[in-house]
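Beneath this line is the structure, given in structure tokens, with notes to follow.
The values are calculated or read from the model by the stated rules, or taken from the named source; none is laboratory data. Remember, it's a predicted structure, so these values are computed and weren't measured experimentally. Every residue, glycine among them, receives a Cβ derived from its backbone with ideal geometry; neighbour counts consider all protein chains shown. Areas reflect the complete protein model, heavy atoms only, side chains present, ligands, DNA and RNA absent. Shrake-Rupley method; radii C 1.70, N 1.55, O 1.52, S 1.80 Å.
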Amino acid sequence: MAAATALSLALLFLLLVILSNPSSAVNAQQNPPSPGYFPSYRAQSVDFNQKYRTLWGPQHQRLDQDALTIWLDRSTGSGFKSVESYRSGYFGASMKLQPGYTAGVITCFYLSNNEAHPGKHDEIDIEFLGTIPGEQYTLQTNVYIRGSGDRNIIGREMQFHLWFDPTQDFHNYAILWDPSEIIFFVDDVPIRRYPRKSDATFPERPMWVYGSIWDASDWATDHGRYRADYNYQPFVGRYKGFKIGGCTVDASPGCWATSGSPRGFGGLSSQQERAMVWVQNNYMVYDYCSDPQRDHTHTPEC
């Protein structure tokens, strides 16, 4: 009887807590299902100074115990690039974004070979599109294959709002790229899988790892409706927890990159699939394959 009474009191107390703070119950339901596999724990942590170098805007970079801060103001932004190029791998970093007015500003982490193949390069993007107060950040994932300029712009955008506020704390964002697929992760939850369906729709040339913050007022926020306002400068992006589990161009043929799944390479586990479907059902806000205004003759994988 005493145990039953104690249990009843505990349940009553829990109910009172929920009623007094209903958002706590909602928030508990907003977290995605566990993916059951955590590739960020398997990839190697790397020292920024050993694996990366400043690409531009060195006066707008500050490194403090391997935590990197970069910023954009009216004069310039800033970017960094990996020392080596890779033919496959897992590439991640923890990022924290600036709150408030950031319209027109892009804070990103991505793979590219644009310097080696100008006008006809490959790219795999994680980009945060700046926002206005009261609106959520948009996380844009994108894949370019052999062309992103010279009148040959074919993006493969999938956009998300997140189940947390990315300005409040650091969260891990990562790209897994191997010969059979590309997987985008947020805190080890897969949010998008882009499988290799043909040579023409999949990037296979070596790429470097980049991060940057820059002004993309012409398109970043509501298709350019809201532009960067330098009354709010500087716009700041923070990075730490760099991870690389990849095979460089010079690595031996037997090199194995960090896997994105307990299955190895070539697909997600059923638990990871459930987590990804949950995210896409609840937080995806744009999918290029579902856009009726797109010419899908250029994206046959759809």
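Tabulated data for the structure shown
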| item | result |
| --- | --- |
| Pair list, Cβ < 9 Å and 6+ apart or interchain, from the range 278-302 residues that are farther than 14 Å from Gln159 by Cβ to residues that are open to solvent by less than 80 Å² (accessible area, probe 1.4 Å) and among the β-branched types (Val, Ile, Thr) | Trp278/Val189; His298/Ile154; Thr299/Ile154; Thr299/Thr201; Pro300/Thr201; Glu301/Thr201 |
| Hits in the range 38-68 (condition: under 26 Å from Phe235 (Cβ atoms), charged (D, E, K, R) and open to solvent by 90 Å² or more (accessible area, probe 1.4 Å)) | Arg53, Arg62, Asp64 |
| Ala257 being in contact with a Cys (Cβ under 8 Å, 6 or more places away or on another chain), outside any helix (DSSP H, G or I), over 20 Å from Gly79 (Cβ atoms) and touching a residue at least 60 places away in the same chain (Cβ under 8 Å) | yes |
| Within the range 81-101, tally of residues that are touching a helix residue (DSSP H, G or I) at 6+ places or on another chain (Cβ under 8 Å), closer than 24 Å to Met207 by Cβ and touching a residue at least 60 places away in the same chain (Cβ under 8 Å) | 4 |
| Cross-chain or 6+ apart pairs with Cβ under 8 Å, the range 103-115 first and among the acidic types (Asp, Glu), then part of a loop (DSSP other than H, G, I, E, B) and open to solvent by less than 10 Å² (accessible area, probe 1.4 Å) | none |
| Breaking point among (1) surrounded by 16 or more Cβ atoms within 10 Å (Cβ to Cβ); (2) of a type outside the set (Ser, Thr, Tyr); (3) within 26 Å of Ser259 (Cβ to Cβ), for Ile154 | (3) |
| Gln136, sole failed condition from (1) open to solvent by 40 Å² or more (accessible area, probe 1.4 Å); (2) under 16 Å from Tyr210 (Cα atoms) | (2) |
| Residue within the range 165-180 that is at pLDDT below 95 and polar (S, T, N, Q) present | yes |
| Scan of the range 258-271 for residues that are touching a Lys or Arg at 6+ places or on another chain (Cβ under 9 Å), buried (at least 20 other Cβ atoms within 10 Å of the Cβ) and not β-branched (Val, Ile, Thr), ordered by number | Gly260, Leu268 |
| Any chance Ser24 is modelled with pLDDT under 95, in a helix (DSSP H, G or I) and of a type in the set (Ser, Thr, Tyr) | yes |
| Matching residues in the range 272-291 - criterion: being in a helix (DSSP H, G or I) and either open to solvent by 60 Å² or more (accessible area, probe 1.4 Å) or in contact with a helix residue (DSSP H, G or I) (Cβ under 6 Å, 6 or more places away or on another chain) (or both) | Glu273, Arg274, Val277, Asn281, Asn282, Ser290 |
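One line per residue, one yes/no per condition, for (1) more than 21 Å from the chain's Cα centre (by Cα); (2) at pLDDT below 95:
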site: Ser212; (1), (2): no, no
site: Tyr230; (1), (2): yes, no
site: Ile244; (1), (2): no, no
site: Gly254; (1), (2): yes, yes
site: Gln280; (1), (2): no, no
